[in-house]
Amino acid sequence: MRFARELGFGELAAREVALSVSELVSNVLKYARSGQMTLQRVSGARAGMQVIVEDDGPGIADPQAAVADGYTQGRLHTGADAAWPRSSLGLGLGAVKRLTDSMLIENRPEGGTKIVICKWLPPTSSGAAQR
Ligand SMILES: Nc1ncnc2c1ncn2[C@@H]1O[C@H](COP(=O)(O)OP(=O)(O)O)[C@@H](O)[C@H]1O
Ligand SMILES: [Mg+2]
């Protein structure tokens, strides 16, 4: 959050970044044994922030499906679904997708998952802090 604020993100956008990162990190804790997070400033025409969260876990079999709300542990659950696991809502990746401007999910060649998210600063802002 502090990093996002330093880059010029407003309070709300910085909280959105923090929530996204915590969802991704919680998945690493849930599904993998170890992982790492990298925060990067993106400069140039499109300025903003990039966060990479990768791990050495089992990877995500169907990354596109996994972003759907209600998709958890290998299948999509709906409201009336009695088999919905109590431990997981399956809303994490969908929320991250909505809270960020781009999201890339990859299975690493060496195994594990790599997720790259970007959030852009508003075009008018040249690093000046906003509300
Ligand atoms: N880092 C990861 N490694 C392996 N599988 C993952 C990882 N992150 C997410 N998944 C898979 O994608 C599904 C959806 O993730 P998410 O939306 O965060 O829901 P939840 O964590 O509540 O199940 C998970 O249930 C899991 O099967
Ligand atoms: Mg999750």
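Tell me yes or no: at least one residue of region 47-68 is free of Cβ contacts under 8 Å to residues at least 60 places away in the same chain, part of a loop (DSSP other than H, G, I, E, B) and of a type in the set (S, T, N, Q). Scanning region 47-68 turns up no residue that is free of Cβ contacts under 8 Å to residues at least 60 places away in the same chain, part of a loop (DSSP other than H, G, I, E, B) and of a type in the set (S, T, N, Q). Could you say whether any residue in region 22-41 is more than 13 Å from ligand 2 (Cβ to nearest atom), within 16 Å of SER102 (Cα to Cα) and buried (at least 17 other Cβ atoms within 10 Å of the Cβ)? No, every residue in region 22-41 fails to be more than 13 Å from ligand 2 (Cβ to nearest atom), within 16 Å of SER102 (Cα to Cα) and buried (at least 17 other Cβ atoms within 10 Å of the Cβ). Filtered by the rule that a residue be under 13 Å from GLY48 (Cβ atoms) and touching a residue at least 40 places away in the same chain (Cβ under 8 Å), region 100-122 gives THR100, ASP101, VAL116, ILE117, CYS118, LYS119, TRP120, LEU121.
Looking only at residues in region 69-98 that are basic (Lys, Arg) and near ligand 1 (Cβ under 10 Å from one of its atoms), the one that is farthest from ASN27 (Cα to Cα) is ARG75. Of all residues in region 6-17, those satisfying the criterion of being surrounded by 17 or more Cβ atoms within 10 Å (Cβ to Cβ) and part of a helix (DSSP H, G or I) are ALA13, ALA14, GLU16, VAL17. Considering only residues in region 71-93 that are closer than 25 Å to CYS118 by Cβ and either surrounded by fewer than 17 Cβ atoms within 10 Å (Cβ to Cβ) or among the small types (Gly, Ala, Ser) (or both), the one that is nearest to ligand 2 (Cβ to nearest atom) turns out to be GLY92.
For beta carbons closer than 9 Å, sequence separation of 6+ or different chains, a first residue in region 17-28 that is at pLDDT 95 or above and a second that is aromatic (Phe, Trp, Tyr) and part of a helix (DSSP H, G or I), the qualifying pairs are VAL17/PHE3.
The values are calculated or read from the model by the stated rules, or taken from the named source; none is laboratory data. What you are looking at is a predicted structure, and each value in this text was computed from that prediction instead of being measured. Neighbour counts run over all protein chains shown; Cβ positions are idealised from the backbone, glycine included.
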